[in-house]
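Notes follow once the structure below has been shown.
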Amino acid sequence: MDGFQAYGAGKAGGAFDPLTFFRQPQTVVRILCWLFSIVILGCIANEGYINRPEEVEEFCIFNRNQNACNYAVSMATLCFLCSTGFLALDIYFPQISGVKDRKKAVVADIGVSALWSLVWFVGFCFLANQWQVSKEEDNPLNEGADAARATIVFSFFSVFTWGGLTLLSLERLKRVSFEEEYNKLFSPPLA
């Protein structure tokens, strides 16, 4: 029964193997989500706010709409924290001994990943729309245009990376072994 797995992990109590961990597709995609959130946050924080030469106050590069920059910053920050938390859960996952607890973790991962995919789709549409209607006179020197485009592109990529995590988590849920059923059917006799 060495091959038994429960919700995508081996039996609890095994030693942590970093090489195996970083080779898992779910880990690679989660690290991509984490990196994309850093890029988005960096682009907005670094060049997302501009001002006209005659103004002192800075405005968001996306159509001078503060809500667009606030949305991108808050979603990237929350996404960074969420990716970090689920990466830690992925490290801890093989140590979870209860099949029901593993199932809760996988279901939570599915729900959160699907939600983030939706949130980034809305963010991509919102940022692309605000960038499209931005006026050239608001940014005559074209400062931060590359950062704005990078924010939009990585928001688009984030839709697919979080969607991929959702699919990988669904696969993890499907790979449920018969360990729980086996334990129910063939429980040791009570003395």
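One table, with the values for the structure above:
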quantity	calculated
Percentage of interatomic Cα-Cα distances in region 39-116 larger than 14 Å	70
Protection-proxy order for peptides 145-154, 85-94, each taking the mean of Cβ atoms within 10 Å per residue, highest first	145-154, 85-94
Stretchable slack from residue 132 to residue 49, in nm (0.36 nm times residue separation minus alpha-carbon distance)	28.2 nm
Whole-Hz couplings from phi, Karplus 6.51/-1.76/1.60, listed for region 27-39; x for Gly and Pro	5, 4, 5, 5, 5, 4, 4, 4, 5, 4, 5, 5, 4
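We did not get these values from a lab; they are worked out from the coordinates using the rules stated. Just so we're clear, the structure is a prediction, and the values are computed from it rather than from any experiment. Quick reminder, even Gly has a Cβ in these numbers, built from the backbone with ideal geometry, and neighbours come from all protein chains shown.
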